[in-house]
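Novice: Here it is: the structure, laid out below.
The values are calculated or read from the model by the stated rules, or taken from the named source; none is laboratory data. Note that the structure is a prediction, hence the values are computed from the model and not measured. Quick reminder, even Gly has a Cβ in these numbers, built from the backbone with ideal geometry, and neighbours come from all protein chains shown.
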Amino acid sequence: MHDHLWLFLATLGYLASAGWGLYALGSGRPLANWWTLSLLIVAFAFHTYFLHERGEAIGHCPITNLFETLAFFSWSLVLTYLVVGPAYRMSILGAFTAPVVFLINFFALAAPVDWPSNVPHLGWQLELHATLALLGFGVLGLAALAGVAYLIQERQLKRHALTSWFYSLPNVGRLERVQERVLFWGFAIFSAGAALGFFIPHAGPSDWVKIAWSAVVWCLYAALVSVLALGRLSHKKTAIFSVAGYVFILLTFWGINSLSEAHVFPHEG
Amino acid sequence: MRVMGAHVICGGLTFDEVPVELREKVAFRDAQLPQALREVRRMLGLTEAVLVSTCNRVEYFGTTRNPDEAARAWPEFLRQFHSINDNFSALSFQLRGVACVEHLYAVASGLKSMVVGETEVLGQLKDAYDIAQTQQQTGKWLNRLFQSSFAAAKSVRSRTGITRGHVSVGSVSVELAEKIFGDLRKCRVMVIGAGDTGERTARALMRHGVPSLLVANRTHERACELAAELGGEAVTWEAWEEHAIESDIMISSTSAPHYVLTREKLEALLPRRGRRPLFLIDLAVPRDFEPSINLLDDVFLYDIDDLQTIAQKHLRERQTEVTRGLEILQPHVARYMAWAARQDDPPEAADFPRGVITA
């Protein structure tokens with residue numbers, strides 16, 4: 001489809017942003033400047049336009065196959081960064097977001113997962129359920145990326161090995177605060193999306209694979225957030241579990257969506 | 001290059017040639033500078049003048065048609081102004097034209113400082129220039145030269161790692177504390193023992209906003225003295241562990257022959273602290289904190305060797321950036337020299353009669 005071009009352009013923008021971020025971190029050059037943010041915003045605009053075009057073409061929220069779902073998944077991650085980054089003055093997270101978004105988009109574009117689908121009307125409840133769940137994943141993803149930044153900085157402080165990253169990354173106090181707050185928000189949004197799923201009327205058998213997977217993800221994060229709220233977990237372990245949770249989502253998301261009956265639609269032609 | 005640039009000169013005494021016991025004899029106090037400026041301008045035959053006096057250098061910048069005469073008059077000026085007998089001829093340097101411009105830009109950028117990359121010198125140059133300007137001792141040559149040197153320095157600082165990393169135990173500790181906690185204004189510090197390095201480190205932390213400080217020492221009177229000096233509060237030796245629970249940063253420099261804080265002891269204290277990180281600075285030899293403490297989550301332990309190693313590494317890194325800094329300065333130097341070449345009126349010879357200082 002011609003709309004791939006917009007996602008391709010967005011992905012190029014994310015690649016350039018990721019390249020600059022890694023170069024700046026390694027060389028100690030300032031990460032945040034007007035053009036790097038502009039680059040990410042332009043890439044996000046292309047990404048958004050792709051989703052809009054695809055949504056117009058299929059008449060649904062563009063989450064009807066794995067390709068669209070991955071594109072929406074990565075879009076929600078960038079959206080979260082663009083909200084959280086300025087709010088917490090954590091532009092550094094852009095350097096961590098861009099590579100992940102690039103990889104997700106690259107997989108979506110390269111793998112044969114854009115099956116044309118003939119989807120019946122989903123209904124606003126189902127669209128909201130899926131959208132909230134994916135947005136929740138985006139927010140949890142940003143929490144994990146803040147966790148990665150925390151673990152890198154913490155490791156440098158522990159090992160007394162101060163590289164150029166030490167100067168570019170924020171202090172661990174700020175990283176842990178942002179990571180934990182974003183984690184709570186991500187869990188809340190994902191929980192809302194998951195809860196909405198119970199109220200959606202559906203015909204036919206339930207999608208037990210996806211329900212079981214969602215339940216596992218929710219339980220993992222619920223345990224993490226509960227222990228965190230009780231003050232029983234060190235900042236380091238919180239970061240490790242947050243990263244591990246998101247890696248689990250990333251590694252299983254495509255498989256679950258491939259197996260999921262609710263998202264297997266008959267191919268046209 | 002036109003002869004114009006050659007009229008801008010600088011000279012004086014710097015730390016790399018002149019030991020402190022001589023530099024201190026010729027340093028100018030702020031209050032002396034206005035008169036010294038007038039005299040240096042008159043005796044050296046300068047049409048414009050700026051006099052820079054810091055703990056590491058005493059230098060003049062000026063414009064003249066007769067640099068040789070200025071070089072000869074400089075030691076005499078120092079002798080007369082400070083009423084001393086030392087002869088600084090052999091120890092003084094003079095640079096002319098492009099070499100002078102390069103020198104000022106490098107000094108302003110911290111490339112020629114004793115501690116490479118230190119930023120204090122830029123403020124000192126700005127102060128010296130302000131005084132000279134207020135005293136109407138500068139004109140278009142030095143105005144342009146100094147103002148462009150500030151811009152050149154900014155460029156070097158922002159494009160190199162010349163100012164990155166601190167180079168003393170105290171400032172490295174502050175840098176680490178800021179990377180752990182961010183805002184030090186909410187941190188509580190406890191000083192255990194009353195060693196000099198510990199005191200200096202505590203002072204450095206307080207200068208960066210630490211609001212409260214506790215001091216514990218085996219001799220309580222000494223703890224009280226140090227607490228009074230630092231503006232903190234003394235606690236008894238027996239009670240320091242209780243107070244440690246509330247502390248975010250602990251600096252230890254006792255002469256105890258054994259660990260003052262063991263891992264076992266700290267593990268028992270940590271649950272009572274909540275999830276706040278703890279920064280431990282062990283300045284004692286033998287060490288006061290058991291090294292395996294560093295394996296505990298949210299605890300960051302540095303001993304004196306760790307801090308000194310970081311300081312030395314920073315210094316080496318700064319020195320490797322000097323070449324890059326000098327390269328960055330080249331376009332700035334070229335711009336100034338190009339501007340100088342476009343000027344029609346060379347700096348006039350001073351109209352002042354030369355002679356002895358009439359203080």
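Novice: Identify the residue in the range A:159-218 that is in contact with a Phe, Trp or Tyr (Cβ under 6 Å, 6 or more places away or on another chain) and farther than 22 Å from B:Arg276 by Cα and, among all such residues, is surrounded by the most Cβ atoms within 10 Å (Cβ to Cβ).
Specialist: By that ranking, first place goes to A:Phe187.
Novice: Among the numbered criteria (1) in a helix (DSSP H, G or I); (2) of a type in the set (S, T, N, Q); (3) surrounded by fewer than 24 Cβ atoms within 10 Å (Cβ to Cβ), which one does A:Thr80 miss?
Specialist: (3)
Novice: Okay, moving on. Looking for whichever is within 14 Å of A:Phe73 (Cα to Cα) and at pLDDT below 90 here; the options are A:His121, A:His129. Which one fits? Give the steps one after another, and end with the answer.
Specialist: Working: A:His121 fails: within 14 Å of A:Phe73 (Cα to Cα).
Only one candidate qualifies: A:His129.
Novice: Is at least one residue of the range B:44-62 crowded, with 21+ Cβ neighbours inside 10 Å, out of contact with any strand residue (DSSP E or B) (no Cβ under 8 Å at 6 or more places or on another chain) and aromatic (Phe, Trp, Tyr)?
Specialist: No - not one qualifying residue is present in the range B:44-62.
Novice: Aliphatic (A, V, I, L, M) and either in a strand (DSSP E or B) or within 14 Å of chain A (Cβ to nearest Cβ) (or both): is that true of B:Leu214 in this structure? Spell out the reasoning first.
Specialist: Values: aliphatic (A, V, I, L, M): yes; either in a strand (DSSP E or B) or within 14 Å of chain A (Cβ to nearest Cβ) (or both): yes.
Yes, satisfied.
Novice: Now a separate question. Say we look at the range B:204-216 and pick out the residues that are touching a Leu at 6+ places or on another chain (Cβ under 7 Å) and free of Cβ contacts under 8 Å to residues at least 40 places away in the same chain; which of these is nearest to B:Thr262 (Cα to Cα)? Let's see the steps before the verdict.
Specialist: First, the residues of the range B:204-216 that are touching a Leu at 6+ places or on another chain (Cβ under 7 Å): B:205-206, B:208-210, B:213, B:215.
Retained after the next criterion (residues that are free of Cβ contacts under 8 Å to residues at least 40 places away in the same chain): B:206, B:208-210, B:213, B:215.
Values: B:Met206: 27, B:His208: 29, B:Gly209: 29, B:Val210: 26, B:Leu213: 22, B:Val215: 19 Å.
By that ranking, first place goes to B:Val215.
Novice: Now for a different question. Of everything in the range B:1-54 that's aliphatic (A, V, I, L, M), assigned to a loop (DSSP other than H, G, I, E, B) and farther than 13 Å from B:Phe77 by Cβ, which residue is modelled with the lowest pLDDT?
Specialist: Taking the range B:1-54 as the starting set, the residues that turn out to be aliphatic (A, V, I, L, M) are B:1, B:3-4, B:6, B:8-9, B:13, B:18, B:20, B:22, B:26-27, B:31, B:33, B:36-37, B:40, B:43-44, B:46, B:49-52.
Checking which are assigned to a loop (DSSP other than H, G, I, E, B) leaves us with B:1, B:18, B:27, B:46.
Then keep just the ones that are farther than 13 Å from B:Phe77 by Cβ; that gives B:1, B:18, B:27.
Details: B:Met1: 38, B:Val18: 87, B:Ala27: 88.
The selected residue is B:Met1.
Novice: Report yes if B:Ala71 is surrounded by fewer than 24 Cβ atoms within 10 Å (Cβ to Cβ), over 28 Å from B:Gln343 (Cβ atoms) and either of a type outside the set (Asp, Glu) or not assigned by TED's automatic domain parsing to the domain that holds B:Val121 (or both), otherwise no.
Specialist: Numbers: surrounded by fewer than 24 Cβ atoms within 10 Å (Cβ to Cβ): yes; over 28 Å from B:Gln343 (Cβ atoms): no; either of a type outside the set (Asp, Glu) or not assigned by TED's automatic domain parsing to the domain that holds B:Val121 (or both): yes.
So B:Ala71 fails the test.
Novice: Would you check if there is a residue in the range B:334-347 being over 30 Å from B:Ser158 (Cβ atoms) and surrounded by 16 or more Cβ atoms within 10 Å (Cβ to Cβ)?
Specialist: The initial filter retains those residues of the range B:334-347 that are over 30 Å from B:Ser158 (Cβ atoms), namely B:344-347.
Remaining after also requiring surrounded by 16 or more Cβ atoms within 10 Å (Cβ to Cβ): B:346-347.
Yes: the range B:334-347 contains one or more residues that are over 30 Å from B:Ser158 (Cβ atoms) and surrounded by 16 or more Cβ atoms within 10 Å (Cβ to Cβ).
Novice: Also: Considering only residues that are closer than 22 Å to A:Ala149 by Cβ and touching a Leu at 6+ places or on another chain (Cβ under 6 Å), look in the range A:181-233 and name the one that is farthest from the other protein chains (Cβ to nearest Cβ).
Specialist: Filtering first and then ranking leaves A:Ile189.
Novice: What are the residues in the range A:140-174 that are within 14 Å of chain B (Cβ to nearest Cβ), aliphatic (A, V, I, L, M) and either in a helix (DSSP H, G or I) or in contact (Cβ under 8 Å) with a residue 12 or more places away in the chain (or both), if any?
Specialist: Across the range A:140-174, the qualifying residues are A:Ala149, A:Leu151, A:Ile152, A:Leu157, A:Leu169, A:Val172.
Novice: OK, next. Quickly run through the range B:282-301 and pick out the residues that are within 14 Å of chain A (Cβ to nearest Cβ) and surrounded by fewer than 23 Cβ atoms within 10 Å (Cβ to Cβ).
Specialist: Across the range B:282-301, the qualifying residues are B:Pro291, B:Ser292, B:Ile293, B:Asn294, B:Leu295, B:Leu296, B:Asp297, B:Asp298, B:Val299, B:Phe300.
Novice: Mind listing whichever residues of the range B:176-191 are more than 9 Å from every other protein chain (Cβ to nearest Cβ) and either surrounded by fewer than 22 Cβ atoms within 10 Å (Cβ to Cβ) or not aliphatic (A, V, I, L, M) (or both)?
Specialist: Once the filter is applied, which keeps residues that are more than 9 Å from every other protein chain (Cβ to nearest Cβ) and either surrounded by fewer than 22 Cβ atoms within 10 Å (Cβ to Cβ) or not aliphatic (A, V, I, L, M) (or both), the range B:176-191 yields B:Leu184, B:Arg185, B:Lys186, B:Cys187, B:Arg188.
Novice: Now, a different point. For B:Ala227, state whether it is at pLDDT 90 or above, part of a helix (DSSP H, G or I) and farther than 23 Å from B:Ser171 by Cβ.
Specialist: no
Novice: Follow-up question, since we're still on this one. Looking at the range A:185-209, which of the residues that are assigned to a helix (DSSP H, G or I) and out of contact with any helix residue (DSSP H, G or I) (no Cβ under 6 Å at 6 or more places or on another chain) is nearest to A:Trp254 (Cα to Cα)?
Specialist: Of everything passing the filter in the range A:185-209, A:Trp208 is nearest to A:Trp254 (Cα to Cα).
Novice: Here are A:Phe137, A:Phe107, A:Phe73: which of them is more than 14 Å from chain B (Cβ to nearest Cβ), among the hydrophobic types (A, V, I, L, M, F, W, C) and more than 19 Å from A:Ala43 (Cβ to Cβ)? Lay out the reasoning, then the answer.
Specialist: On the way: A:Phe107 fails: more than 19 Å from A:Ala43 (Cβ to Cβ); A:Phe73 fails: more than 19 Å from A:Ala43 (Cβ to Cβ).
Only one candidate qualifies: A:Phe137.
Novice: Can you spot a residue in the range B:257-270 that is within 14 Å of chain A (Cβ to nearest Cβ), within 30 Å of A:Phe166 (Cβ to Cβ) and surrounded by 13 or more Cβ atoms within 10 Å (Cβ to Cβ)?
Specialist: The answer is yes, given that some residue of the range B:257-270 is within 14 Å of chain A (Cβ to nearest Cβ), within 30 Å of A:Phe166 (Cβ to Cβ) and surrounded by 13 or more Cβ atoms within 10 Å (Cβ to Cβ).
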